[in-house]
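Participant: Got a structure for you, written out below as structure tokens; questions coming shortly.
The values are calculated or read from the model by the stated rules, or taken from the named source; none is laboratory data. Because the structure is predicted, anything quoted here is derived from the model rather than measured. Cβ placement follows ideal geometry from the backbone for every residue including glycine, while neighbour counts extend to all protein chains displayed. SASA here: full protein model, heavy atoms, side chains in, ligands and nucleic acids out. Shrake-Rupley method; radii C 1.70, N 1.55, O 1.52, S 1.80 Å.
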Amino acid sequence: MLGHLRSQGKLGRAELARLTGLSTQAMSNIIAELEGEGLILAGERQTKGRGLPAVQYTVNPQGAVALGIEVRPNAILCALVNFLGDTLYTKRTDLESSEPAVVLPVVKAACDEALSSFGEHVPPVLGAGIVMPGPFGRVGLSGTGKAELVGWDDQDPHALFEEALQMPVRVENDATAAAIAEQTTGSATELQSFCFVYFGTGLGLGVISNGEILHGAFGNAGELGHVVVERGGRLCSCGNRGCLETYTSRMAVSEYLQGRGKSAESQKDLSDLLAANDPDLDAWISEAAGPLAQAIGTLENLFDPEAIILGGAMPPELLEQLIERLDLFEATVSVREDRKLPRVVRGTSGWMTAALGAAALIIHDTYIPSISKVA
Ligand SMILES: [Zn+2]
């Protein structure tokens, strides 16, 4: 019912009963309960066809809030959204280390601060979505260097965060959360099946297939950065050679430019170099486009997406150039005449993407609980 209200804006009791297949009496009970909880609002009466004008109900944006936290090796990003998923607050806090003993109190303080803006009238908090770079647990990819969170290998992040925050928690990898944010507010709002290639420190992948998140058996699906694109190629921090992220990632571009005496630690550094038409950055983009195009061909054939979206911690104009220079395979299942979008598009949901996506996931679970419970 909430899902229908959110997508339609406002509806009367009879329409809600019809859409949900419930009796009008059952719908009246649900309406009374949700109105009592402050999650929906009764608006004006509106005439539709014959009969008595019906009271129109809407979702109450202030009815509840959700938190989203992205944990990176050197910082946390905290976001707060309302019941419609609108952003109310964002903040970045630096971390001295990514050990759980350091991270947990910082996250708790950040959440308290985000909620303190409400004063004494804090709306019900539905929970906190936590995003962390994968992989989760001890796997063959552990020890993957700079992109890794030190100290979490043998921990249960879900239990630790639930204990620290005293609220329901959902843990996702950063690329999946970013994909959800892109679907909520970015360039994937019309898409049901897409791949989101996420530039964090390494390179992640979120796959949404017919509206459902692809997790894998242990929540580790989507380690795109460690897909080998050149057998025997560059040595990767994971121990293999020729992994995609040694060619195409934030790490790769920073190392490439540092090797040529240039600093590219921040997004601004990269933006400045791009604006100045730096020849080394230009050369890197051309070099990075090759392995990325190969990986995109694989993603297209594996997942049959409506589009592949590039986003995350890269300047938008750099992603545009990268997309422009992709020499995509001429033969994949994504080459079809009835395409609505280009095969590869740039994400538009911004630098807080993963944290907002994590918060959006909590809201999403409330509207469409069956998806998370069944999955
Ligand atoms: Zn690797």
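Participant: Out of everything in the stretch 1-43 that is touching a residue at least 12 places away in the same chain (Cβ under 8 Å) and basic (Lys, Arg), what residue ends up being farthest from Asn60 (Cα to Cα)?
Facilitator: Arg13
Participant: Can you tell me which residue in the stretch 202-226 is modelled with the lowest pLDDT, limited to those that are farther than 22 Å from Ala313 by Cβ and assigned to a strand (DSSP E or B)?
Facilitator: Glu212
Participant: Ok, one more. Out of all the residues in the stretch 237-251, which are near the ligand (Cβ under 9 Å from one of its atoms) and crowded, with 22+ Cβ neighbours inside 10 Å?
Facilitator: Cys238, Cys243, Leu244, Glu245, Thr246
Participant: Report, by residue number, each residue of the stretch 252-276 that is among the hydrophobic types (A, V, I, L, M, F, W, C) and within 16 Å of the ligand (Cβ to nearest atom).
Facilitator: Ala252
Participant: The conditions are (1) open to solvent by less than 50 Å² (accessible area, probe 1.4 Å); (2) under 18 Å from Glu300 (Cα atoms), and Leu214 fails exactly one of them. Which is it?
Facilitator: (1)
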